[in-house]
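Chemist: Handing you this structure, nothing more for now.
The values are calculated or read from the model by the stated rules, or taken from the named source; none is laboratory data. Since the structure is predicted, the reported quantities are computational estimates derived from the model, not experimental observations. Virtual Cβ from ideal backbone geometry, glycine too; neighbours counted across all protein chains shown. These area figures cover heavy atoms from the full protein model, side chains too; ligands, DNA and RNA do not enter into them. Shrake-Rupley method; radii C 1.70, N 1.55, O 1.52, S 1.80 Å.
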Amino acid sequence: AIRDRRTFDESQVMYGAFQWPADMLFEAVSLLSKSIRWQELFENTCFVASQCNSVEMPMGGVPRYPLKAGEAPYRLLLGLCKDGVIRRGLDNLQGQEKVDYNAQIQKELKLVKEKDFVDYFLVVADIITWAKKSGILVGPSRGSSGGSLLCYLTGITEINPLKHGLLFERFLDESRFD
C-alpha cells in the first residue's frame, strides 16, 4: 500500500499475505525466472489443491497425533527414537561419543515433552515417513530442524546434527516459549 500510495485495506489480508486471484499470482510469479516451468508448476499446485479434502484444524496449539487405544504419545516418540538409534547405527557407539549422544537425546526429549511438542514430532515424522514411502521427495532437512537429533532419529531429517556441529537451540530453545 505504501509503495502504491494507496490506503491499506485490511479486507485484502489473510494470515499476513495478500489474496491474489490465480491469474494475477501466476503472472507475477512467472516474471521471477524464465528458466522455471511456471505453467507446469502452477497447474500441478492447482491439481494437488483440488485433490485435498476439506480439513478443519483448530487455530493455536499443537495438533494432536491420532493414537490407538492404549498408546501414549511420549512412549511412541521414545520408541521411534530407539528404533532410530539402531537404524542410524548409533547403538554401537562407545565411550564419550555414546555419552554425548545419550545426553543430547535426553536433553531434547525433556524439552520436547516440557514444551508439549511430542505430538508435533509424531505428526511430522508420520507425514515425512508416508511421503518417502510414497515416492515424494522431501529433502534432507529444512531450516533449524537439522539441529535436532530427535528429528534425525525419527526420520524427519537426514542430517546428524552432532556429526556436523549443529545446535538444537536453533530449532527449539527453552527460553523461546512460555
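Chemist: Evaluate the following for residue 113: is it in contact with a helix residue (DSSP H, G or I) (Cβ under 8 Å, 6 or more places away or on another chain), surrounded by 11 or more Cβ atoms within 10 Å (Cβ to Cβ) and of a type in the set (D, E, K, R)?
Modeler: Working: in contact with a helix residue (DSSP H, G or I) (Cβ under 8 Å, 6 or more places away or on another chain): yes; surrounded by 11 or more Cβ atoms within 10 Å (Cβ to Cβ): yes; of a type in the set (D, E, K, R): yes.
Judged against the criteria, residue 113 is a match.
Chemist: List the pairs whose first member sits in the stretch 27-54 and is among the β-branched types (Val, Ile, Thr), whose second member is surrounded by 12 or more Cβ atoms within 10 Å (Cβ to Cβ), and whose Cβ atoms are under 7 Å apart, counting only residues at least 6 apart or on separate chains?
Modeler: Hits for this filter: 29/38.
Chemist: Name the helices (runs of 4 or more DSSP H) wholly inside the stretch 65-161 in which the number of residues that are over 22 Å from residue 174 (Cβ atoms) and in contact with a Gly (Cβ under 9 Å, 6 or more places away or on another chain) is 2 or more. Walk me through it before giving the result.
Modeler: On the way: elements: 73-87, 95-114, 118-133, 149-153.
Output list reads 73-87, 118-133.
Chemist: Okay, next question. Counting only residues that are among the charged types (D, E, K, R) and open to solvent by less than 80 Å² (accessible area, probe 1.4 Å), which one in the stretch 88-98 is nearest to residue 161 (Cα to Cα)?
Modeler: Step one: of the stretch 88-98, the residues among the charged types (D, E, K, R) are 88, 91, 97-98.
Filter once more, keeping what is open to solvent by less than 80 Å² (accessible area, probe 1.4 Å): 88, 91.
Numbers: 88: 13, 91: 16 Å.
If we take residues in the stretch 88-98 being among the charged types (D, E, K, R) and open to solvent by less than 80 Å² (accessible area, probe 1.4 Å), then 88 is nearest to residue 161 (Cα to Cα).
Chemist: Sticking with this structure for a sec: Only one of 55, 85, 13 is under 24 Å from residue 157 (Cα atoms) and either modelled with pLDDT under 90 or open to solvent by less than 50 Å² (accessible area, probe 1.4 Å) (or both). Can you tell me which?
Modeler: Details: 55 fails: under 24 Å from residue 157 (Cα atoms); 13 fails: under 24 Å from residue 157 (Cα atoms).
It is 85.
Chemist: Could you list, in sequence order, the residues of the stretch 148-169 that are at negative phi and either open to solvent by 40 Å² or more (accessible area, probe 1.4 Å) or of a type in the set (Val, Ile, Thr) (or both)? Show your work before the answer.
Modeler: Within the stretch 148-169, the first condition is being at negative phi, and the residues that meet it are 148-154, 156-164, 166-169.
Within the stretch 148-169, 154, 156, 157, 158, 159, 162, 163, 164, 166, 167, 169 meet the criteria.
Chemist: Within the stretch 144-160, track down each residue that is within 15 Å of residue 127 (Cβ to Cβ) and touching a Cys at 6+ places or on another chain (Cβ under 8 Å).
Modeler: Matches in the stretch 144-160: 145, 154, 157.
Residue-by-condition table, conditions (1) of a type in the set (Val, Ile, Thr); (2) closer than 16 Å to residue 81 by Cα; (3) modelled with pLDDT under 95; (4) open to solvent by less than 70 Å² (accessible area, probe 1.4 Å):
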residue: 120; (1), (2), (3), (4): no, yes, yes, no
residue: 131; (1), (2), (3), (4): no, no, yes, yes
residue: 136; (1), (2), (3), (4): yes, no, yes, no
residue: 146; (1), (2), (3), (4): no, yes, yes, yes
residue: 171; (1), (2), (3), (4): no, no, yes, yes
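Chemist: Further question on the same structure: Select from the stretch 162-174 the residues that are part of a loop (DSSP other than H, G, I, E, B) and touching a helix residue (DSSP H, G or I) at 6+ places or on another chain (Cβ under 9 Å) and list them in ascending order.
Modeler: The first filter runs over the stretch 162-174 and keeps only residues part of a loop (DSSP other than H, G, I, E, B), leaving 165-167, 171-174.
Once the filter is applied, which keeps residues that are part of a loop (DSSP other than H, G, I, E, B) and touching a helix residue (DSSP H, G or I) at 6+ places or on another chain (Cβ under 9 Å), the stretch 162-174 yields 166, 167, 171, 172, 173, 174.
Chemist: Still on this model: Restricting to the stretch 58-71, name every residue that is surrounded by 10 or more Cβ atoms within 10 Å (Cβ to Cβ), modelled with pLDDT of 75 or more and either in contact with a Phe, Trp or Tyr (Cβ under 8 Å, 6 or more places away or on another chain) or of a type in the set (Gly, Ala, Ser) (or both).
Modeler: Selection gives 63 alone.
Chemist: Residues 101, 74: which one is surrounded by fewer than 19 Cβ atoms within 10 Å (Cβ to Cβ) and over 30 Å from residue 48 (Cβ atoms)?
Modeler: Of 101, 74, the one residue that is surrounded by fewer than 19 Cβ atoms within 10 Å (Cβ to Cβ) and over 30 Å from residue 48 (Cβ atoms) is 74.
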